[in-house]
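K.L.:
I am attaching a structure below and will ask some questions about it afterwards.
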Amino acid sequence: MTAQEIKKSAEVNIYIAKADEALAALGYTEHSFAHVTKVAEAARDLLLALGYPPRTAELAYIAGYMHDIGNVINRVDHAQSGAVMAFRILDHMGMEAGEIATVVSAVGNHDEGTAFPVNEVAAALILGDKTDVRRSRVRNEDFATFDIHDRVNYAVEEAHTELDIAQKTLTLSLTIDTAISPVMDYFEIFLERMLLCRKAGEKLGLRFCVTVNGQKVL
């Protein structure tokens, strides 16, 4: 079972699209193919850069690509719903049981309300997911009606992660337009996510850091 097979799965892609439709109706930011592909690639590339086996990195890609399908059921407990859905899909497609266990554990442990980096794949998924902050995820086109999540995401002009293997750090660097959203607003809604990233980094032997407009804040 390869990542390309998962990406080409009509079933998986329908669930991703329909889950994003549900979140759009609820007023959430974009969680469709742009998001899940970015998360999948980030999780895979991080593990490869750290020297993990290519198959472990591929499982991280699969988990990243499938991690939000549970939103098609409900936003509440979507990680656990998604894990059950992923189990059924991957089992039906013939994936080996041990690999299914790794993927569904990662999917079921990515939402900050209940998440924990239970394995390396889960840690990489958390880091890929929680660092995807960007203006293009905002759906609302009426600035006057932005809520705090819209403002914070829209205020992020640039975001990228940098891995320093020698220093064993993973740094999320953000450029925020403070005229749109104060830096404190970012941490008001994302602090729990950033602390989860710290735990995920520790699982991979890394120190997770955040810089905003060139200043280290975490």
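The values are calculated or read from the model by the stated rules, or taken from the named source; none is laboratory data. Small disclaimer: the values here were computed from a predicted structure and weren't measured. A quick note on method: Cβ atoms are made from the backbone with ideal geometry, for glycine too, and the neighbour counts reach across all protein chains shown. Keep in mind that these areas ignore ligands, DNA and RNA; they rest on the heavy atoms of the full protein, side chains included. Shrake-Rupley method; radii C 1.70, N 1.55, O 1.52, S 1.80 Å.
K.L.:
Report, by residue number, each residue of the range 5-27 that is surrounded by 16 or more Cβ atoms within 10 Å (Cβ to Cβ) and not β-branched (Val, Ile, Thr). Give the steps one after another, and end with the answer.
P.N.:
Quick first cut of the range 5-27, residues surrounded by 16 or more Cβ atoms within 10 Å (Cβ to Cβ) only: 6-7, 9, 12-13, 15-16, 19-20, 22-23.
Those that are surrounded by 16 or more Cβ atoms within 10 Å (Cβ to Cβ) and not β-branched (Val, Ile, Thr): LYS7, SER9, ASN13, TYR15, ALA19, ASP20, ALA22, LEU23.
K.L.:
Here is a further query. Please enumerate the residues belonging to the range 191-202 that are closer than 16 Å to VAL133 by Cα and either in contact with a His (Cβ under 9 Å, 6 or more places away or on another chain) or crowded, with 20+ Cβ neighbours inside 10 Å (or both).
P.N.:
Quick first cut of the range 191-202, residues closer than 16 Å to VAL133 by Cα only: 191-197.
Across the range 191-202, the qualifying residues are LEU196, CYS197.
K.L.:
So which residues in the range 100-114 are touching a Leu at 6+ places or on another chain (Cβ under 6 Å) and in a loop (DSSP other than H, G, I, E, B)?
P.N.:
We begin by selecting, within the range 100-114, every residue touching a Leu at 6+ places or on another chain (Cβ under 6 Å); these are 100, 102-103, 106, 110, 112.
Within the range 100-114, HIS110, GLU112 meet the criteria.
K.L.:
Here is a further query. Name the residue that is surrounded by the fewest Cβ atoms within 10 Å (Cβ to Cβ), counting only residues in the range 125-140 that are charged (D, E, K, R) and assigned to a loop (DSSP other than H, G, I, E, B).
P.N.:
Step one: filter the range 125-140 for residues charged (D, E, K, R), giving 129-130, 132, 134-135, 137, 139.
Going one step further and asking which of them are assigned to a loop (DSSP other than H, G, I, E, B), we end up with 132, 134, 139.
On the way: ASP132: 20, ARG134: 20, ARG139: 14.
Of everything passing the filter in the range 125-140, ARG139 is surrounded by the fewest Cβ atoms within 10 Å (Cβ to Cβ).
K.L.:
Restricting to the range 141-174, and then to whatever is open to solvent by 50 Å² or more (accessible area, probe 1.4 Å) and hydroxyl-bearing (Ser, Thr, Tyr), can you tell me which residue is modelled with the lowest pLDDT?
P.N.:
Among those residues, the one meeting the criterion is THR145.
K.L.:
Within the range 53-89, can you find the residues that are open to solvent by 60 Å² or more (accessible area, probe 1.4 Å), not β-branched (Val, Ile, Thr) and not in a helix (DSSP H, G or I)?
P.N.:
Here is the first cut: in the range 53-89, the ones open to solvent by 60 Å² or more (accessible area, probe 1.4 Å) are 53-55, 73-74, 76-77, 80, 84, 87-88.
Pick out the ones that are also not β-branched (Val, Ile, Thr) and you get 53-55, 74, 77, 80, 87-88.
The answer is PRO53, ASN74, ASP77.
K.L.:
For the list (1) over 26 Å from LYS203 (Cβ atoms); (2) without any contact (Cβ under 8 Å) to a residue 24 or more places away in the chain; (3) not polar (S, T, N, Q), I need the number of the one condition that ALA155 fails.
P.N.:
(2)
K.L.:
Determine if the range 29-50 includes at least one residue that is charged (D, E, K, R), in contact with a His (Cβ under 8 Å, 6 or more places away or on another chain) and in a helix (DSSP H, G or I).
P.N.:
Looking only at the range 29-50, we keep the residues that are charged (D, E, K, R), and these are 30, 38, 41, 44-45.
Now drop any that are not in contact with a His (Cβ under 8 Å, 6 or more places away or on another chain), which leaves none.
No: zero hits.
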